[in-house]
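Scroll down for the structure; my scribbles are underneath it.
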Amino acid sequence: MKIDVLSLFPEMFEGVLHSSIMKKAQENNAVSFKVTDFRDFSGNKHHKVDDYPYGGGAGMVLKPEPLFAAVESLALDTSKKPRVILMCPQGARFDQRKAEELSKEEHLVFLCGHYEGYDERIREHLVTDEISLGDFVLTGGEIASMAIIDSVVRLLPNVLGNTDSPVHDSFSTGLLEHPQYTRPADFNGMKVPDVLLSGNHGEIEKWRQEQSLRRTFERRRDLLENAPLTEHQQKYLKRLYEEELDSR
């Protein structure tokens, strides 16, 4: 995968893209990163990329010319049109399903804006996706794009050491992940559940499914509306609702 980022502050990406899993992904040739300052495409001697909004109002608006020129230059050496992602609080809320969708693309371009907003023609004629991390506003799109890039790249082949890791992540199954334990089995009287020490893989998997469902039931019940549940999970969910009624 090729990932391009258009930002007014390229230096913000140095640590994130060259550390930990992102560094390993590049070393394994799973991904290549390039961060470009789109001021270089401003077309004027003052490198101005924003201007006052027509009709008046507070703040400055990013001009269309620099971003159109920058994206066009990035697409010149690729046979397939890139997926152009606008980081914006007005966009669709990002989730694991979107991460999995984007991980199948060959080329992603992230637009990181600042100031009051974007010229609407950027939204209408340049981008393919508008994405938001949630119902809050950040100073710019850089931090949001870093989070999305991380969530996408870790899903690429040969990036994580254990190929099962992304499969069992929270949200990948539609549910939150089950509790995890490691050594020691007894820490200050706090013990690992016996089933995990039993060696019975069938019972362990059953316990994990139940705990995943219980945790989702307790913390993110909204996810249950669309979660693909097994027959056993459906029965267990019914039991959870019954337990809740009995406790009232």
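For this structure, a couple of remarks:
- Per residue, the convex hull spanned by the Cα atoms of the stretch 12-109 measures out at 159 cubic angstrom.
- For the chain, the Kirkwood estimate of hydrodynamic radius, built from reciprocal distances between every pair of different alpha carbons, is 21.1 Å.
- Across LYS24/LYS191; LYS24/LYS98; LYS2/LYS24; LYS23/LYS63, pairs whose alpha-carbon gap is larger than 25 Å: LYS24/LYS191; LYS23/LYS63
- Per residue accessible area in Å² of the chain, where ligands, DNA and RNA are left out and the probe is 1.4 Å: 60 Å²
- The DSSP beta bridges internal to the chain are antiparallel in roughly 15% of cases.
- Under 23 Å from the Cα of LYS238 - lysines, other chains or at least 8 residues apart: LYS206
- Full extension of the chain between TYR241 and GLU225 yields a length gain of 4.3 nm, computed as 0.36 nm times the residue separation minus the alpha carbon distance.
- GLU72-GLU100 pseudo-label distance in nm [points 7 Å out on the Cα-to-Cβ vector]: 3.8 nm
- Solvent-accessible area of the chain (1.4 angstrom probe, protein heavy atoms only): carbon and sulfur portion equals 49 percent.
- Between LYS23 and ARG121, the FRET efficiency from the beta-carbon distance, with R0 = 41 Å, is close to 0.65.
- Between the stretch 178-225 and the stretch 31-63, the alpha-carbon centres lie 50 Å apart.
The values are calculated or read from the model by the stated rules, or taken from the named source; none is laboratory data. For clarity, every value in this text was computed on a predicted model and none was experimentally measured. Note that we place each Cβ from the backbone using ideal geometry, even for glycine, and neighbour counts take in every protein chain shown. Remember, those area values only see protein heavy atoms, side chains included, never the ligands or the DNA or RNA. Shrake-Rupley method; radii C 1.70, N 1.55, O 1.52, S 1.80 Å.
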